[in-house]
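Taking it in order: structure first as structure tokens, then the write-up.
The values are calculated or read from the model by the stated rules, or taken from the named source; none is laboratory data. It should be emphasised that the depicted structure is a prediction, and the values quoted were computed from it without experimental measurement. Here Cβ is always computed from backbone atoms with ideal geometry, including for glycine, and neighbour counts include all displayed protein chains.
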Amino acid sequence: MKNLRSFPLGRVGCVLGIMNALLAIGFTVASLRYVRPEDCNRTCGAPEGTPCPSGACRIGEQRAGWPLPVFVDSPGGGSPTNGWGILGPEDPPIPQTFVLDVLFYSLLLWLLLFIIQVLRGQALPLRLIAMALPLTALLAAFLWFIYFAFGPFAHS
């Protein structure tokens with residue numbers, strides 16, 4: 001507990017930092033449901049430069065995640081061919097954009113907390129945010145490592 005004294009606002013600042021990191025990761029995971037274009041069911045066979053029919057997408061066009069896509073339909077093809085043009089288990093996630101999305105949501109949450117504190121007439125030390133953001137990025141990277149080590153992409 002003596003180490004918490006160096007953290008801005010002590011125990012309260014530590015709790016705020018942990019809550020911010022967990023909420024930012026939760027918002028990032030929830031943003032993976034944002035899939036664009038939505039209605040891709042098959043690969044678009046139309047020539048380049050012409051629009052695809054409804055329900056079809058070109059390879060690499062469908063993406064999931066916001067503001068940066070974490071999952072992108074892999075343009076590498078492969079088997080099975082019925083998965084071309086749509087997101088599926090064969091499309092690996094992008095760890096860098098996951099961490100950047102977590103930092104984006106973390107900054108939004110800190111900004112919201114900062115505005116609330118200003119409206120209440122209290123000050124939130126900027127040093128707290130400066131210490132918490134790298135810790136949030138490290139937590140997101142660690143969770144990503146755990147996901148790759150033990151999740152569906154782990155090599156047995």
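Key figures for this structure:
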| quantity | calculated |
| --- | --- |
| Near pairs, Cβ below 9 angstrom, 6+ apart or cross-chain, from segment 19-37 (under 16 Å from Thr136 (Cβ atoms)) to any residue that is charged (D, E, K, R) | Ala24/Asp101; Phe27/Asp101; Thr28/Asp101; Ser31/Asp101 |
| Cβ pairs under 6 Å, 6+ apart, first in segment 80-101 and at pLDDT 85 or above, second assigned to a helix (DSSP H, G or I) | Pro95/Trp144; Phe98/Trp144; Val99/Ala137; Val99/Ala140; Val99/Ala141; Asp101/Thr28 |
| Output for segment 123-143, where each listed residue is more than 14 Å from Gly13 (Cα to Cα) and either surrounded by 11 or more Cβ atoms within 10 Å (Cβ to Cβ) or more than 25 Å from the chain's Cα centre (by Cα) (or both) | Ala137, Leu138, Leu139, Ala140, Ala141, Leu143 |
| Any pair with Cβ under 8 angstrom, 6 or more apart, that starts in segment 143-156 at a residue that is more than 13 Å from Pro92 (Cα to Cα) and of a type in the set (Phe, Trp, Tyr) and ends at one that is modelled with pLDDT of 75 or more and not in a helix (DSSP H, G or I) | none |
| Residue selected from segment 102-136 under the condition free of Cβ contacts under 8 Å to residues at least 40 places away in the same chain, outside any helix (DSSP H, G or I) and not polar (S, T, N, Q), by the criterion nearest to Val29 (Cα to Cα) | Leu124 |
